[in-house]
Number of protein chains: 2
Amino acid sequence: MSERGGDRSLSQTVRAQLALRDMILAGRLRAGERISELQAVDITGVSRTPVRMALVRLEDEGLLQAIPSGGFMVKAFSERDILDSIELRGTMEGLAARLAAERGASARQLEPLKECLADIDELVQQDPLSVEAFSAYVALNARFHAQLDELCGSAPVIRQIERVAALPFASPSAFVMAQSALPEAHQILMIAQDHHRIVIDAIENREGGRAEAVMREHARLAVRNLRLALRSRSHLELLPALALITQAADK
Amino acid sequence: MSERGGDRSLSQTVRAQLALRDMILAGRLRAGERISELQAVDITGVSRTPVRMALVRLEDEGLLQAIPSGGFMVKAFSERDILDSIELRGTMEGLAARLAAERGASARQLEPLKECLADIDELVQQDPLSVEAFSAYVALNARFHAQLDELCGSAPVIRQIERVAALPFASPSAFVMAQSALPEAHQILMIAQDHHRIVIDAIENREGGRAEAVMREHARLAVRNLRLALRSRSHLELLPALALITQAADK
DNA sequence: CCGGCCGTTCCTGTATACAATCTGAACTCA
DNA sequence: TGAGTTCAGATTGTATACAGGAACGGCCGG
C-alpha cells in the first residue's frame, strides 16, 4: 500500500487524470478555483509532466478551463449549461438516429440493439425497482446508447457525441440514479424504454424524421429527471456532478 | 533569420502546433503516417516537451489519432467523413439558431448581424467576383457565423460548434475559395446570402423551426461547393484540406 | 490615509536526462 | 524452410532542473 494512485498498470498520466477528475466531481475542488500544477502533484503523487498532461486532457474534456495567464481552473457550470448540454446531446443523438434510418441498418446490426432492449424490458418489469436494478439499468442504458450511436456509421458524429456525453451531467444515464428514490421513477423508466423501442422501429422502417424526433425528446427525459430530483431534494448525494453547478457561473 | 518557427512572441507549444498543422494540411505528412516526437522536433525546432503538448492538442483537434502503443499518426478521412462533418456542423448551427429564436434576440444583439449581412450584400453585388472579393467573403462569412452562433447564448453549444468547425473541411467557409473559378459561384453565394437573411428573419420572428431548418440546409451548400469543385477538378490547390482524404480510410 | 512602485516569491513554460517499453530483424533450432 | 526467440535500436513515458514571468505584499511618496 505504498503507492497512492492505485493500479500500477495504468500510466501515470491516466492515473493523475482519474484522481483529479474524482476530486473535481466529488466537489473537493470547487468551481472557479485555480488548480496549480504543484497542488495537483501533491494530490496525485506523480511528477509534473504527467500532471500537466492530465490537466490538458481534463481541459478538453471540459472539466477545466485554461487561464489566459497560464494554468487551469475548475470550470463553473450554470444550471442552464447543463440543460443546454443535454439538449445538445439529444440533437446529436437525433442526428445519429436519423442517419442510421436514412442509410439503413441491417438485421444483423440491429440484433444487439434488440437484445439490449429485451434485457432492459426484463429489468423494468419488477415493480419496486431495487437500487441494484437501477445500477444495472445505467449499464444497459449506456450500452444501448453506445450501440445506437454506432449505427449511424459515422466516426465524426460518434466522436462528437462522446465528447458531449463525457460531461458528467450530459451522459445518457446522468440522472438515472437520482430517481431511484422517486415515486415517478418507474414510470419515467418505462417511458424511456418506450423511446428506445420507437427509435429502433423508426430506424428499421427508415423513418429518419421520426427517429430524430424521438431521440431529441428522449434526451429531454434527463431534464425531467434532474428537475424532479432537484425539486424533491432527495438523494442529491447521488449526483456528485452537481458540485460543479454555481448559482452565478461567471461567463 | 536564425529562428525557424517564426514569431518569437508565441509560446513554443503554439508555434509547434501551427507548424505541424501546416505540414499536415499541406499534405507533407500523409494520412496514416506515424509521426514521431523526434521527427516533430526536427520539423518544428523546439524541444520534446512543447512538441508533445502540440501533438496532444492536434489530437483532440481531430487531425491526429493516438496509436494504442503510444505516439500519434496523421488521421485519415474518407469523403463521407467530410460530408458527415458538414452535416454535423449544420445540425449544431441549426440548434444554435433555434435556441436563439426560441429565447429571443434583442435588436441590439441583432444589429451586428445585420451590418454583416449588409457588408456581404455589397460584396456579392459585383458580378464578376474577384479573388479578393472571395477572400473578403470568407472573412465576412466567418464573422457572420460566429456572431450567429453566439446568439444562442449557450457556452456548451458554442464550444461544440467550434470544435467541429476546427476541422479544416468542416468550417463554414471551407470550400468557398474553391468555387472562385466556377461559373456557378456567384449564384451559390447569393443563395448562401439568402439563407443568412432568412435565418435572421426567422430568429427575429421567433420561428425556431424555420431558423433550424434553414441553417441545416445552409451547411449543405458546402457539400454542393465541394462536389462542384471536385467534379470540375479546377483549382484543387485551393483546397489543402483534401490532402487528408484517403480513398479507403482505414476505419 | 491612500495610491503607485519595487522586490520577493511562487508558478508555469521549456529543455533535457533517464527508464521502460515496444519494434524489428537476425539468428537458431526443429 | 519456417517459426520461435533473443538482442539491439529506437521511441515513448516520466522525472527533474532551469529560466522567464506573473501575482502578491511591503515600502515609499503624495
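Observations
- Residue within the range A:92-115 that is touching a Leu at 6+ places or on another chain (Cβ under 7 Å) and open to solvent by 40 Å² or more (accessible area, probe 1.4 Å) present: yes
- Where helices (runs of 4 or more DSSP H) fall wholly inside the range A:151-251, the ranges with 2 or more residues that are at pLDDT below 95 are A:185-204, A:208-232.
Yes/no matrix, rows are residues, columns are (1) within 14 Å of another protein chain (Cβ to nearest Cβ); (2) over 24 Å from residue A:82 (Cα atoms):
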| site | (1), (2) |
| --- | --- |
| A:131 | no, yes |
| A:181 | no, no |
| A:189 | no, no |
| A:202 | no, yes |
| A:215 | yes, no |
| A:231 | no, no |
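Table: residues versus (1) within 14 Å of DNA strand C (Cβ to nearest atom); (2) among the basic types (Lys, Arg); (3) in contact with a Lys or Arg (Cβ under 9 Å, 6 or more places away or on another chain); (4) within 28 Å of residue A:11 (Cα to Cα).
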residue: B:19; (1), (2), (3), (4): yes, no, yes, no
residue: B:32; (1), (2), (3), (4): yes, no, yes, yes
residue: B:56; (1), (2), (3), (4): yes, no, yes, yes
residue: B:80; (1), (2), (3), (4): no, yes, no, no
residue: B:84; (1), (2), (3), (4): no, no, no, no
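- Condition check for residue B:93: within 30 Å of residue B:14 (Cβ to Cβ), in a helix (DSSP H, G or I) and within 16 Å of the chain's Cα centre (by Cα): yes
- You will find that of A:41, A:74, the residue that is within 15 Å of DNA strand C (Cβ to nearest atom) and either touching a residue at least 12 places away in the same chain (Cβ under 8 Å) or touching a Cys at 6+ places or on another chain (Cβ under 7 Å) (or both) is A:74 and no other.
- Residue within the range B:152-171 that is in contact (Cβ under 8 Å) with a residue 24 or more places away in the chain, over 30 Å from residue A:79 (Cβ atoms), away from every other protein chain (no Cβ under 14 Å) and open to solvent by less than 10 Å² (accessible area, probe 1.4 Å) present: no
- Single residue of the range B:42-57 satisfying the filter (assigned to a helix (DSSP H, G or I) and surrounded by fewer than 17 Cβ atoms within 10 Å (Cβ to Cβ)) that is farthest from DNA strand D (Cβ to nearest atom): B:42
- Only one of B:84, B:60 that is assigned to a helix (DSSP H, G or I), out of contact with any strand residue (DSSP E or B) (no Cβ under 9 Å at 6 or more places or on another chain) and not assigned by TED's automatic domain parsing to the domain that holds residue B:24: B:84
The values are calculated or read from the model by the stated rules, or taken from the named source; none is laboratory data. Remember, predicted model here, so these are calculated numbers, not experimental data. So basically every Cβ, Gly included, is an ideal-geometry build from the backbone, and we count neighbours across all protein chains shown. Heavy atoms of the whole protein, side chains included, go into the accessibility calculation; ligands, DNA and RNA do not. Shrake-Rupley method; radii C 1.70, N 1.55, O 1.52, S 1.80 Å.
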